[in-house]
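Remarks on the structure that follows.
The values are calculated or read from the model by the stated rules, or taken from the named source; none is laboratory data. Keep in mind that this is a model prediction, so the values were computed, not measured. When we count neighbours, we look across all protein chains shown, and the Cβ atoms used for this are built from the backbone with ideal geometry, even at glycine. Calculation scope for accessible area: heavy atoms of the full protein, side chains included, ligands and nucleic acids excluded. Shrake-Rupley method; radii C 1.70, N 1.55, O 1.52, S 1.80 Å.
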Amino acid sequence: MKVQKFFARWVRLILITAGVLMTLMPRCAGQTSPPTHPLEGLKSPEYWAVNEVLQATGKMDPDTFCVSVLLHEPAKDQVLAWKVGDAMPREADVILLRKGVTIEARVDISGRKVDSWKERKDVQAPTFDNEFFGLGDEAKKDPKMQEALARHGVKDMTTILCVPVPIGYFAFPEQAGHRIFYGDCFDSHGAFLTWGRPIDGLYFKIDAVEHKVVQIIDEGATAVPQSAINFEEAAATPRPGTTPISIAQPLGPSFQVKNGEVSWQNWHFRVRLDARLGPVLNLVRLEDGGRLRSVMYEGSMSELFVPYMDPAESWATRVFVDAGEFYPGGVLRMLQDGVDCPPNAEYIDGLASNEHGIPVLLPREACLFETYSGDPAWRHFENDMVWGRPTRGLVLRTAAVIGNYDYLLDWRFEQDGSIRVAVGATGIIETKAAKTKTSEHGMGGMPGAADEFGRFVGESTIGVNHDHFFSYRLDMDVDGQNNSFMAERLKQRQLPESTHRKSIWVAEPSVAKTERDAIMDIRLDKPSMWMFVNPNVPGPLGYPTGYEIMPGVTAASLLDPQDGVQKVGAFSAHQLWVTPYRPEELYASGVYPTSSKGEDGLAVWTRANRGIENTDIVAWYTVGFHHVPRAEDWPVMPVMWHDFVIRPVNFFAANPGLNLPGKP
């Protein structure tokens, strides 16, 4: 009987393994096939080629780490002229780190050679997991740190985790010429994770090159909070009256994905998953009357800026330029079927490199699915009749996970020619300990109170106030490369006494000639519409064809422009910027935001006030929100969505959804 049970288990295991392998084989095979387009993401053989070329230089000693390997996009005119069968240049931009010195390399993958090699002692490379976790282990073993931990009541070191992270701006003089990280420690006793269990009042600086704790900051002990944080054990309890909901497409999806290009309804676009930027959309086009019309050459999130709002040194240094500092290994994480994506979703795998430049397969980093919410595309009631059409949409979804926060990143394509870009923030908020269990005043923000710079979210647990700012880089190519930015400002007009009204408003268009003209802020008292038009292509009614960026709920930074923090995240000062297209201008806070003085990035480039009229231009839109934590954000935060819409303006002759079918 025991033998039969043992044999049965092995048969079951073999069948399950075979099923898993069969599921993964098509996706994995796609990573080993050669690229089919110049903008396709790097394939695993290409990562290996980069690795082999670098090893052949003789410069890759054990102290040299491969922090980043990213596709170097070919010139835009080459891509637009490229046809199947043409030669395909393939290059990679590589960032190496050797004993604190950043090295930039450009590798010609096709030619299997290094085109350029440059040491940069004036910048700090981004960090990777094994770097800061390794430094944390070293800090925990430091004798003086152990003495300090003992003063804070630590008796069992097995549950202690110390985590030093890079400083997102130039805060201390010792950062000059040194790779300095700032850290604190946590005690996970009684919990699965360390979030919400800070050993408050004890911090340290560590030299990441010398592997030495250079300073211990001990402000006195505060008890480790014990508020309930084990959300992993939360019961899955059906609400009263709940009945099943099913989502199914028995005939399969009505979109097609071929060689990285997605086709759905009249939309056509390319997708690649970038380790730093997350999802990158290219060559976004609409089929209209039998021809493909260009909307956007490239769209992606460019940067993510999260400054905390507590003046204590340990919190003032918590300024995260997340995409630029923590992307090695990739910012995207696996999606969960039934949680992140519905049952009708199709998944896309990703690739990134580890600190040795070796490719790592990252399964299910993106999903594509059609959605139907029951909303109408349009309707009208007249003569006891309802006329209208239902609508469906296509969603490309990813999840960027950087430390404690998870960010759902959606690109939602609509049948009316619009694209809704949405960010859903969830995950775990950062907290500090308080000596009191709850608020003493019943209102937060009182000077000198424990919750002056945040709010209680659990007993002795304060969620610290902070911001989230996302910069989206949108290379708009409406009906071609040469576009102009036009703002239609809505202004009050006084009417003569002979009319029945005193005033109306009118829309007054103006075309921005330079970058300074195109810096836009949302003002309810001075509304405007932000349009990217092609002055060389008149629409059917005489207006230039265009696309509008229609803001959603957003925010602007409240920080002093001369604050070192704000200099790095300066893009957050405005909701919209417009620049002339430059292939090297990709990241709103610059290539190297770690320990930055804010000398690179969007606010620096636009000081030149370059011309942007009737030329190739790029929009930079800021999604932002101020976060004052609340009890409902703990122990894990409900998803909070913010979005904006890219929609056609005089691009079509009429409503493009007029002839939609009567069923979705």
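Points to keep in mind about this one:
- Taken over region 443-464, residues that are surrounded by 15 or more Cβ atoms within 10 Å (Cβ to Cβ) and either in contact with a strand residue (DSSP E or B) (Cβ under 7 Å, 6 or more places away or on another chain) or closer than 11 Å to Ser227 by Cα (or both) amount to 14.
- Looking only at residues of region 221-256 that are open to solvent by 80 Å² or more (accessible area, probe 1.4 Å) and β-branched (Val, Ile, Thr), we find that the one that is nearest to the chain's Cα centre (by Cα) is Ile247.
- Those residues of region 437-463 which are of a type in the set (S, T, N, Q), under 23 Å from Thr194 (Cα atoms) and either free of Cβ contacts under 8 Å to residues at least 24 places away in the same chain or part of a loop (DSSP other than H, G, I, E, B) (or both), in sequence order: Thr438, Ser460
- Selected residue (only one of Thr158, Thr194 is under 30 Å from Gln124 (Cα atoms) and either charged (D, E, K, R) or open to solvent by 20 Å² or more (accessible area, probe 1.4 Å) (or both)): Thr194
- Any hit, region 264-283, residues being at positive phi, among the aliphatic types (A, V, I, L, M) and assigned to a strand (DSSP E or B): yes
- Members of region 480-517 found to be open to solvent by 80 Å² or more (accessible area, probe 1.4 Å) and either in a loop (DSSP other than H, G, I, E, B) or touching a Phe, Trp or Tyr at 6+ places or on another chain (Cβ under 7 Å) (or both), listed by number: Lys491, Gln492, Arg493, Glu497, Ser498, His500, Arg501, Lys502, Lys513
- Meets criteria (closer than 27 Å to Arg523 by Cβ and polar (S, T, N, Q)) for Thr554: yes
- Check on Phe269, in contact with a Cys (Cβ under 8 Å, 6 or more places away or on another chain), open to solvent by less than 10 Å² (accessible area, probe 1.4 Å) and either more than 24 Å from Thr426 (Cα to Cα) or free of Cβ contacts under 8 Å to residues at least 60 places away in the same chain (or both): no
- Hits in region 54-91 - residues which are touching a Pro at 6+ places or on another chain (Cβ under 9 Å), of a type in the set (S, T, N, Q) and more than 19 Å from Gly260 (Cα to Cα): Ser68
- Any hit, region 601-608, residues being closer than 30 Å to Leu97 by Cα, part of a loop (DSSP other than H, G, I, E, B) and at pLDDT 95 or above: yes
- Selection count where residues are among the hydrophobic types (A, V, I, L, M, F, W, C) and surrounded by fewer than 22 Cβ atoms within 10 Å (Cβ to Cβ), scope region 427-442: 2
- Subset of region 208-234 [touching a His at 6+ places or on another chain (Cβ under 9 Å) and of a type in the set (Ser, Thr, Tyr)]: Thr222
- Meets criteria (open to solvent by less than 60 Å² (accessible area, probe 1.4 Å), closer than 20 Å to Lys59 by Cα and under 33 Å from the mean Cα position of the chain (by Cα)) for Thr102: yes
- Complete set of residues in region 198-219 that are open to solvent by 10 Å² or more (accessible area, probe 1.4 Å) and either polar (S, T, N, Q) or over 30 Å from Asp63 (Cα atoms) (or both): Asp200, Gln215, Asp218, Glu219
- For Ser68: the one exception among (1) assigned to a strand (DSSP E or B); (2) hydroxyl-bearing (Ser, Thr, Tyr); (3) more than 29 Å from Asp322 (Cα to Cα): (3)
- Top-ranked residue of region 112-151 - restricted to ones that are small (Gly, Ala, Ser) and surrounded by 13 or more Cβ atoms within 10 Å (Cβ to Cβ), ranked as farthest from the chain's Cα centre (by Cα): Ala148
- Counting residues in region 556-572 that are touching a His at 6+ places or on another chain (Cβ under 7 Å) and assigned to a loop (DSSP other than H, G, I, E, B) gives one or more.
- Residue check for Ile522: exposed (fewer than 12 other Cβ atoms within 10 Å of the Cβ) and either of a type outside the set (Phe, Trp, Tyr) or assigned to a strand (DSSP E or B) (or both): no
- Considering residues of region 284-325 that are without any contact (Cβ under 8 Å) to a residue 40 or more places away in the chain and assigned to a strand (DSSP E or B) only, the residue least open to solvent (accessible area, probe 1.4 Å): Arg285
- Of the residues in region 338-347, none is within 27 Å of Glu73 (Cβ to Cβ) and among the hydrophobic types (A, V, I, L, M, F, W, C).
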